[in-house]
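> Sending over a structure as structure tokens; questions will come in a sec.
Please treat every number below as a calculation from the coordinates, not as lab data. On a predicted model such as this, the values are computed, not experimentally measured, just so you know. Neighbour counts are summed over all protein chains in view; Cβ atoms, including those assigned to glycine, are modelled from backbone coordinates with ideal geometry.
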Amino acid sequence: MSIINALRAAVSDSGLAWRGAFNVGDADDLPPMPDGRATRSVVLLGFAGRGHWQTFLASAEARDGAPHPLDRWSRSRIDGLAKRFDGHGLYPSDGPPWLPFQRWGTRAEPVHPSPLGILIHPRWGLWHAYRGALAFADDLAEPMRAAAPSPCVACATKPCLSSCPVDAIGPGRYDWRRCADHVRSAAGDDCLKTGCRARRTCPVGAEHRYEPAEAEFHMRAFLR
Ligand code: B12
Ligand code: SF4
Ligand code: SF4
């Protein structure tokens, strides 16, 4: 089995989704490997749709009562893969300065910035996230991402831009303090318990919308 196929199989066994790969160019802002070698390729790992949440829920980290269970679960899987395949784990929550995971996402998969700021995927809609990345000192023989237009271009009414109850979101604008104040208030219980209303109005990939328990977990993490 080639390295890339063995890696794909190991990622699948880990409970994470393969979120694409790319060979590094000058504009990608990749830190060097810990031993000083240049980083030549990157594999993004994450969640896509609802299934991976169930895998996480069955883990020891989800039930041990210690802080940051999802981050600890992700790191243990990704660091394990890094060790096995001579790579290095990188994480979206390491920072500031933050690693440009969303920019890397657009290099690895046909995702595009939505008016909400988060990336939209033609299949998963807004219901996906990055849990980390594997960096390697060798090029991967992985084809570049397939091109696909942004679903937002064909979305005439853009309901995501008119459904925030406190107008915290507009084209190219997200007032996170206003959003957080609302989500913390009694009136914001709907956003807290079922997830961002603006995100939920998006028709793309609606069948992959997070269940309330997952949505609330992420909203509480955002408030922290
Ligand atoms: C800081 C941060 C926040 C801050 C934002 C502060 C601010 N001023 O906007 C806070 C804490 C508010 C936040 C909140 C959320 N975040 Co956040 N956040 C990040 C983080 C850690 C860094 C982003 C950053 O600044 N990158 C630095 C720049 C240099 O990187 P970049 O990739 O080049 O950035 C590009 C994009 O950010 C994009 N961009 C940035 N802002 C905007 C705005 C618009 C309108 C557009 C079109 C593009 C755009 O342009 C940049 C240039 O290419 C990333 C993780 C990461 N490391 O990327 C997650 C991340 C962006 N967040 C994410 C998510 C999901 C959320 C939440 C929706 C969480 C939730 N509740 O579910 C909430 C939004 C609240 C809500 N209403 O639901 C996901 C997005 C996944 C996706 N599908 O794209 C990320 C990638 C984390 C992850 N693990 O996957 N977040
Ligand atoms: S509602 Fe329309 S414009 Fe907004 S994120 Fe979804 S597809 Fe894009
Ligand atoms: S979570 Fe609620 S308040 Fe915040 S942007 Fe989304 S719809 Fe608006």
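> In the chain, if every C-alpha pair distance is counted and binned at 10 Å from zero, what percent goes to each bin?
Bin by bin from 0 Å, the calculated values are 7, 31, 36, 21, 5, 0.
> So, one more: Which GluC sites (Glu not before Pro) does segment 159-222 hold that lie in a coil by DSSP with at most 11 other beta carbons within 10 Å? Please list the in-between numbers first.
Values: sites: Glu207, Glu214, Glu216; in loops: none.
For GluC sites (Glu not before Pro) across segment 159-222 that sit outside H, G, I, E and B with at most 11 neighbouring Cβ atoms in 10 Å, the list is empty.
> Then there's this: Let me have the 222 nm mean residue ellipticity of the chain computed from DSSP H runs of 4+ only, each contributing -39500 (n - 2.57), with the sum over all residues rounded to the nearest 500.
Values: 9 runs with 78 residues, N = 224.
Calculated at 222 nm, the ellipticity per residue is -9500 deg cm²/dmol.
> Tell me, what HN-Hα J-couplings in whole Hz come from the Karplus equation 6.51 cos²θ - 1.76 cosθ + 1.60 at θ = phi - 60° for each residue of segment 23-39, using x for Gly and Pro?
Working through the residues one at a time gives 8, 6, x, 4, 8, 8, 6, 8, x, x, 5, x, 8, x, 5, 5, 7 Hz.
> Still on this structure: For segment 2-62 and segment 99-126, what is the separation of their Cα centres, given in Å?
Distance between centres, Cα-based: 16 Å.
> On to the next question. Among His88, Pro203, Val11, pick out the residue whose Cα is farthest towards the positive end of the charge dipole of the chain, where Lys and Arg carry +1 and Asp and Glu carry -1 on C-beta, about the Cα centre.
Value: Pro203.
> To continue, here is another question. Residue-wise, which Karplus ³J(HN,Hα) couplings in Hz belong to segment 55-64, taking 6.51 cos²θ - 1.76 cosθ + 1.60, θ = phi - 60°, and x for glycine or proline?
So the Karplus estimates, Gly and Pro as x, are 5, 4, 4, 7, 7, 5, 4, 5, 10, 7 Hz.
> So what are the ³J(HN,Hα) numbers for segment 107-122, from phi and the Karplus equation (6.51, -1.76, 1.60; θ = phi - 60°), rounded to whole Hz, Gly and Pro as x?
Result, rounded to whole Hz: 7, 9, 8, x, 9, 9, x, 9, x, 7, x, 6, 7, 10, 10, x.
> Another question, then. Does segment 1-105 come out rounded, prolate or oblate, given a ≥ b ≥ c as the square roots of the eigenvalues of its C-alpha gyration tensor, rounded meaning a/c under 1.5 and, failing that, prolate meaning a/b above b/c?
prolate
> Taking just the alpha-carbon atoms of segment 155-223, what radius of gyration and Dmax come out, in angstrom?
Over segment 155-223's Cα set, Rg and Dmax evaluate to 11.8, 33 Å.
> Enumerate the amide H contacts of Gly132 below 5 Å, restricted to partners 5 or more residues apart or on another chain; note that Pro and chain-start residues carry no placed amide H.
Hits under the 5 Å cutoff: Leu45.
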